[in-house]
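Peer 1: Pasting in a structure now, in structure tokens, and then I'll have a few things to ask.
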Amino acid sequence: MKMIGLTMIITAVLAVTAMAGVACAADMSNGADNFYKSGMVTAEKVVFKNLYKMDVAGSLFTPKNMSRGAKYPAIVVGHPMGAVKEQSANLYAQKMAERGFVTLAIDLSFWGESAGEPRNAVLPDVYADDFSAAVDFLSTRPFVDAKRIGAIGICGSGSFAISAAKIDPRIRAVSTVSMYNMGAANRSGLNHSQTVEQRKKILEEAAQQRLLEFTGGEMKYTSGTVHEITEKSTPIEREFYDFYRTERGEFTPAGSSKELTTHPTFTSNVKFMNFYPFEDIETISPRPMLFITGSEAHSREFSEDAYRRAAEPKELYIVPKAGHADLYDRVKLIPFDKLESFFKQSLK
């Protein structure tokens, strides 16, 4: 595997650091519990087709106290960009199933147990369709009320859930958590730190790499999470390393490797440059939207931007003293009660 460092999204530098890295123990504060297993829900692995006849894998959770013959509201849950359903999404899905919802945590296409080649490819339109495919699947379950289906998108999946909801009115309510606008982040970087000239250089490099791979060259990967921490590591690098590279949240799906997890293919990652999920976001109204972010989150700008652009009903909910990845798994910080009240009201 070869890796190209970019300045355009999560990290300022991706080049693998020296072996003299600084050891970093997992921060399990505030109830970090990514691999939570609930005794109050029933879990089932499921597979269904998206619009492009690709297999989408999911974890279906139902409350154990479900009433026979009743129909329940349901929620699709999407994992952070570069992650898989076992990272954050399953936790959210189980916690919401405990609160009376049928929930479905999905692996986006090209990731985890879902289909798609090459692995780790970026294709935001297909990611969004995976949410609609999950609605298709849930709508055919006899215990789901097809008129009461919502979506939760964590990190990058927040932008994919919004993209899906703009063209799929069956998604009756959307909540995002620690959202990344994957289009804006790739075009302009965090806080608009990337220039147009830097963007053009990335596009030129990707075009050259595409031709190299077409003629048999080695595939390259980009962005994602660093594999070592040094004294020079940035706070954002440390934040993601603590979740993705320690026992707190590290998960390597079958067929992948620790070296590849979280890293999109370089040539496909430029697809995000053409991704504008917040354009026409106001057309989702009157379906309600809830944007959850941490007061200290480096990604807070994206939730605030979406909130400004969205039409009513909408709400921006800021979790005090929470960073971006804190809302992946720290159950003492994640506002599950807020999510429960939002969806019970929105899907009643």
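The values are calculated or read from the model by the stated rules, or taken from the named source; none is laboratory data. Please read these numbers as outputs of a predicted model, since none were measured by experiment. Cβ: placed from backbone, ideal geometry, glycine included. Neighbour counts: every protein chain shown. The area values use the complete protein model at the heavy-atom level, side chains included, leaving out ligands, DNA and RNA. Shrake-Rupley method; radii C 1.70, N 1.55, O 1.52, S 1.80 Å.
Residues checked against (1) more than 30 Å from R245 (Cα to Cα); (2) open to solvent by 40 Å² or more (accessible area, probe 1.4 Å):
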| site | (1), (2) |
| --- | --- |
| L51 | yes, yes |
| F61 | no, no |
| N65 | yes, yes |
| A74 | yes, no |
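Peer 1: What is the one condition in (1) touching a His at 6+ places or on another chain (Cβ under 9 Å); (2) farther than 24 Å from S29 by Cβ; (3) open to solvent by less than 60 Å² (accessible area, probe 1.4 Å); (4) charged (D, E, K, R) that E239 does not satisfy?
Peer 2: Only one criterion in (1) touching a His at 6+ places or on another chain (Cβ under 9 Å); (2) farther than 24 Å from S29 by Cβ; (3) open to solvent by less than 60 Å² (accessible area, probe 1.4 Å); (4) charged (D, E, K, R) is unmet by E239, namely (2).
Peer 1: So, in the stretch 261-276, of the ones that are hydroxyl-bearing (S, T, Y) and more than 18 Å from R187 (Cβ to Cβ), which residue ends up nearest to the chain's Cα centre (by Cα)?
Peer 2: Here is the first cut: in the stretch 261-276, the ones hydroxyl-bearing (S, T, Y) are 261-262, 265, 267-268, 276.
The next check asks that each one be more than 18 Å from R187 (Cβ to Cβ); those that pass are 261-262, 265.
Details: T261: 14, T262: 11, T265: 17 Å.
Looking at the filtered set, the residue picked out is T262.
Peer 1: A further question on this structure: Which residue, of E279, E197, is more than 18 Å from the chain's Cα centre (by Cα), without any contact (Cβ under 8 Å) to a residue 12 or more places away in the chain, surrounded by fewer than 15 Cβ atoms within 10 Å (Cβ to Cβ) and part of a helix (DSSP H, G or I)?
Peer 2: Numbers: E279 fails: part of a helix (DSSP H, G or I).
Answer to the selection: E197.
Peer 1: Which of the residues belonging to the stretch 104-134 are assigned to a helix (DSSP H, G or I) and either within 19 Å of F272 (Cβ to Cβ) or touching a Pro at 6+ places or on another chain (Cβ under 8 Å) (or both)? Give the steps one after another, and end with the answer.
Peer 2: Pass one, the stretch 104-134, residues assigned to a helix (DSSP H, G or I): 124-134.
Correct list: P124, D125, V126, Y127, A128, D129, D130, F131.
Peer 1: Tally up the residues in the stretch 211-236 that are crowded, with 16+ Cβ neighbours inside 10 Å and basic (K, R), please.
Peer 2: 1
To keep it simple, each residue is scored yes or no on (1) open to solvent by 10 Å² or more (accessible area, probe 1.4 Å); (2) out of contact with any helix residue (DSSP H, G or I) (no Cβ under 6 Å at 6 or more places or on another chain).
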| site | (1), (2) |
| --- | --- |
| R68 | yes, yes |
| E86 | yes, yes |
| F101 | no, yes |
| F131 | no, no |
| A134 | no, yes |
| S139 | yes, yes |
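Peer 1: Quick check: anything in the stretch 84-101 at pLDDT 95 or above, in a loop (DSSP other than H, G, I, E, B), touching a Gly at 6+ places or on another chain (Cβ under 8 Å) and of a type in the set (K, R)?
Peer 2: Initial filter on the stretch 84-101 (at pLDDT 95 or above): 84-101.
Remaining after also requiring in a loop (DSSP other than H, G, I, E, B): 84-88, 99-101.
Checking the rest, the ones that are also touching a Gly at 6+ places or on another chain (Cβ under 8 Å) come to 84-88.
Filter again for of a type in the set (K, R), leaving 85.
So far as the stretch 84-101 goes, yes, one or more of its residues are at pLDDT 95 or above, in a loop (DSSP other than H, G, I, E, B), touching a Gly at 6+ places or on another chain (Cβ under 8 Å) and of a type in the set (K, R).
Peer 1: Checking the conditions here, which among K271, K258 is open to solvent by 70 Å² or more (accessible area, probe 1.4 Å), modelled with pLDDT of 95 or more and not in a helix (DSSP H, G or I)? Step through it out loud before you land on a result.
Peer 2: Values: K271 fails: not in a helix (DSSP H, G or I).
It is K258.
Peer 1: Looking at (1) of a type in the set (V, I, T); (2) touching a helix residue (DSSP H, G or I) at 6+ places or on another chain (Cβ under 9 Å); (3) buried (at least 20 other Cβ atoms within 10 Å of the Cβ), which one does V126 not meet, given that it meets all the others?
Peer 2: Answer for V126: the failing condition is (2).
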